[in-house]
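The values are calculated or read from the model by the stated rules, or taken from the named source; none is laboratory data. No experiment lies behind these values; they were computed from the predicted model shown. We place every Cβ from the backbone using ideal geometry, glycine too, and count neighbours over all the protein chains shown. Protein only, heavy atoms only, side chains kept; ligands, DNA and RNA dropped before computing areas. Shrake-Rupley method; radii C 1.70, N 1.55, O 1.52, S 1.80 Å.
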Amino acid sequence: APESEWLVLFRKEAVADIAKVHDYTDTAQGVGIPLTPVGGTTSKPTYNAEYYPRHPSSNMPAINVKAGQGDALSVVHEIGHEIDHRLFGQGDVFGSYFNPALQPLRGAIEASPGIARIKSRRRSGTRKYLLEPEEKFARAYSQWIAERSGKTAYKKAIESRIANGWRSQWETGNFAPIAAEFDKLFKGKGWMP
């Protein structure tokens, strides 16, 4: 089945914004961020989008977005999982669990009021999921791209996630130390100007 227009738009928007923030134009070369094609199906109907280190059908990395769900921030979030896995990880393990280069970033995320707020909530499967290292990395990466791109659509998506449910994103002022660590990390690797 052909991809729907919304997915094509969201994928193009997300990849273009990532390329702009990282200051590269060729997503296949550039700074070496290995962007996997984003598909329009998902095998887990409870998720709107997901990243697979090894998709069951291909044994290769894959990003899937449920048809008609999500937004460009969701696609950037899933690409954040891929960056965590393929650029900082090892094998099937995400770098956010162990990579020493990510320690300052992990510290800034862990010290943030947003994470303290999630930890203060009643224990549940959602709470556990939101506190997983790879999930914190992907949410933070998507917000960093959103802030650095300056796009209103991302700002609205973040505000919606803060206002609803688990408040899974950070208030802008509280995010500043995390954004600074992403800047240092990617500038240090030559992955942004």
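Over the stretch 72-116, the Kirkwood radius and the radius of gyration, each from Cα atoms, give a ratio Rg/Rh of 1.02. With all projection directions averaged, the alpha carbon convex hull of the stretch 112-177 covers 4.2 nm². Which shape class applies to the stretch 64-171: rounded if a/c is under 1.5, otherwise prolate when a/b exceeds b/c and oblate if not, where a ≥ b ≥ c are the square roots of the Cα gyration tensor eigenvalues? Judged from the Cα gyration tensor, the stretch 64-171 comes out rounded (a/c under 1.5). Of 137, 10, the residue with the largest accessible area leads and the full order is 10, 137 (1.4 Å probe). Each Lys and Arg Cβ is given +1 and each Asp and Glu Cβ -1; about its Cα centre, the stretch 56-128 then shows a dipole of about 600 debye.
Treating only the Cβ atoms of Lys and Arg (+1) and Asp and Glu (-1) as charged, compute the dipole magnitude of the stretch 62-180 about its Cα centre; round to the nearest 20 debye.
Working: 18 positive and 12 negative charges, 113 e Å.
With Lys and Arg at +1 and Asp and Glu at -1, about 540 debye.
Sorted on the mean count of surrounding Cβ atoms within 10 Å across their residues, most packed first, peptides 143-153, 124-134, 78-88 read 78-88, 143-153, 124-134. These residues, 192, 60, go from largest to smallest accessible area, 1.4 Å probe, as 60, 192.
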